[in-house]
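The values are calculated or read from the model by the stated rules, or taken from the named source; none is laboratory data. Just so it is clear, the model here is predicted, and its values are computed rather than measured. Counting neighbours? That spans all protein chains shown, and the Cβs are built from the backbone with ideal geometry, glycine included. Side chains included, ligands, DNA and RNA excluded: accessible areas come from the protein's heavy atoms. Shrake-Rupley method; radii C 1.70, N 1.55, O 1.52, S 1.80 Å.
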Amino acid sequence: MTIGAKEKTKTGYKTIHIKKNRLLAVNETETRGKTFKEYATFTLGDVHYAKVKRVTYSRKFIRFNTKNFKYIKTLRAPIRTQLLRQGKGFVMSTAWINRPTYSPVILVTLDNYLQTYSKAKLAKIDEHWTLPTADGDFAKVKPTDTVKISKLTKRGTTYTIDYKRPLKGFADQKIGKHHYRLTIKQLGRQQQNYTPIDDTYDTAASWVNYTINAKPYFAGSAEWGLD
């Protein structure tokens, strides 16, 4: 089927045809008619930056039912699409808006790429970094570095990711010539933080902790606003 996605080529834009069993992300939904039939628009999801920057979408609604789509509750490797931030959890700033401070991020895309984002780059894009996944505006941000994954293995809550060259500014584990590795362990611990400011502004954050090559990382989101 087609989802309204086109990819830029040397000769112009080419319609992307989606093959059976391809993973897609729901962008928006709406109900129509007296029987309230559900329709949705779709994107390719959290694919690597080189792909994202060439793709444009038109707003094409498709009948959203079990005949056309199968709902995937959990990915075989749920680590994909998670923005893994360096640190043990959100650290709130002392500014009056109480936004979280920034830290470097690593992402595993749906099409098996590793992408890294430096602290300086995340500070430039402001609140987009707090999104729970990379899909949307964050996906359009050029990563600091990216590399194709050679192999991804999941055993329980531990992921082993192998690739052929070191990541810029990242502490890789060198296994051999043209062979580097990340070992990501999910600690299975969720935390929450709620910080009122002058009884007017507050921040709520939740996350899951990980280690990457034994160093602390976390994935989650933060929200702030008026009570």
Query raised in the report: Residues of region 77-108 being among the charged types (D, E, K, R) and either surrounded by 19 or more Cβ atoms within 10 Å (Cβ to Cβ) or at pLDDT 85 or above (or both), which ones?
Result: ARG80, ARG85, LYS88
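State whether one or more residues within region 42-54 are open to solvent by 70 Å² or more (accessible area, probe 1.4 Å), at negative phi and basic (Lys, Arg). Even if it seems obvious, please write down each step before you answer.
Filtering region 42-54 down to residues open to solvent by 70 Å² or more (accessible area, probe 1.4 Å) leaves 53-54.
This time we only want the ones that are at negative phi, so: 53-54.
Those still in the list that are basic (Lys, Arg) too: 53-54.
Among the residues of region 42-54, at least one is open to solvent by 70 Å² or more (accessible area, probe 1.4 Å), at negative phi and basic (Lys, Arg), which makes the answer yes.
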Query raised in the report: So which residues in region 3-36 are surrounded by 13 or more Cβ atoms within 10 Å (Cβ to Cβ), within 17 Å of VAL47 (Cα to Cα) and not charged (D, E, K, R)?
Result: ILE3, GLY4, ALA5, ILE16, ILE18, LEU23, LEU24, ALA25, VAL26, ASN27
